[in-house]
Amino acid sequence: MNRTRALALVSGLAAAVTAAVLLSGCSPTGITTTPASPGVSFAHVHELVARQDGGLLVGTHEGLYWLQIDADGSTTAVGPLGGLDFDPMGFTIAGDTAYASGHPGPTTPGSFGTPNLGLITSTDDGETWTTVSLKGVTDFHALAVMTAVDGVPHVFGIDPGKPRLQRSTDGGLTWSDGAELVARDILVVDTTLYATTSEGLAVSEDDGMSFTLDPTPPALYLIAADPQGGLAGIDTTGTLWTRSPGQDWAHGHTVTGTSQAMAVDGARIYVADDRGIAVTEDAGATWILLEVNG
């Protein structure tokens, strides 16, 4: 288990996610970073997933990591989980099951398939994985899961080699084409499927068979939801957009860095950019840059 040290939490942090702003190119005033020794690098992040029981799952180019962030700002990093170095290009969690896709790494067992992983699942927090379908064939760059009324997971995937949403109504065992769609990110909230496209935020209420554009936010390329169903996204200009349940979209501030992934967990917004991973609990007025030690 590796230990990490984050910046000290600033007192009086407010819970105002919907007004949060993105990372700027400079460090927040009055906050310094604890020096870190060379170790695990999170410079290349594909996915961030906030767990409701605390902590953050980080899908990196070198494997999947678990970050436990304590109240005093200290952070414990574990990984790569299961000792597996596969590259989870697509990763999400629904209930007690993790879903992933991507490429094998240099030491990934051959049983995972090559050159692509297809769809794999884990029910033990990423320690072991089971191949569900498309082994060696498909590399989903984004995944989302909806729990249908019959209890069977409906899985949606973005295959960059296909101009249509890929959908499965039997937990990922078999796949069919959904609506014509080229998207960077997808997200499920209850029975609504969101997709970020170059034309704008696309919304489906019929299991991915058709989409309509939400006219309010501009072209988002990242989108995330908090446990209460609030949404946050980053558009192609680097501006944050947020929406509380039942409210309209509202825009925040513009960033200079290149954001790679984001996650929302109540009052916390996590953003991975070319500096690493940072978190805010006070609407973006101050940020904690997580420094990972070896």
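Throughout, read-outs are computed from the coordinates displayed, never taken from laboratory work. Computed from a predicted structure; not experimentally measured. Cβ sites come from the backbone with ideal geometry, for glycine too, and all protein chains shown count toward neighbours.
Specify whether the C-alpha gyration tensor of the stretch 114-205 places it in the rounded, prolate or oblate class, a ≥ b ≥ c being the square roots of the eigenvalues: rounded for a/c under 1.5, otherwise prolate if a/b is larger than b/c and oblate if not. The shape class here is oblate. Remark: spin-label model distance GLN228-THR258 equals 3.5 nm, labels positioned 7 Å along the Cα→Cβ axis.
Can you tally the net charge around ASN116? Count Lys and Arg as +1, Asp and Glu as -1, for every other residue whose Cβ sits under 11 Å from the Cβ of ASN116. Residues near ASN116 contribute -2 overall. Label separation (GLU199 vs HIS251): 2.1 nm, computed from points 7 Å beyond Cα along the C-beta direction.
Placing a pseudo-label 7 Å from each Cα along the Cα-to-Cβ vector at ASP70 and ASP170 gives an inter-label distance of 4.8 nm. Note on the stretch 53-151: semi-axes of the ellipsoid equivalent to its C-alpha gyration tensor, largest first and rounded to whole Å, are 23, 18, 10.
Electrostatic bookkeeping for ASP185 treats Lys and Arg as +1 and Asp and Glu as -1; over the other residues with beta carbon under 15 Å from its beta carbon, the sum is -4. The listed peptides 196-207, 112-123, 56-67, ordered by packing as a protection proxy, come out as 56-67, 112-123, 196-207 (highest mean of other Cβ atoms within 10 Å first). Separation of the stretch 68-104 and the stretch 191-267, taken as the distance between their Cα centroids, equals 23 angstrom.
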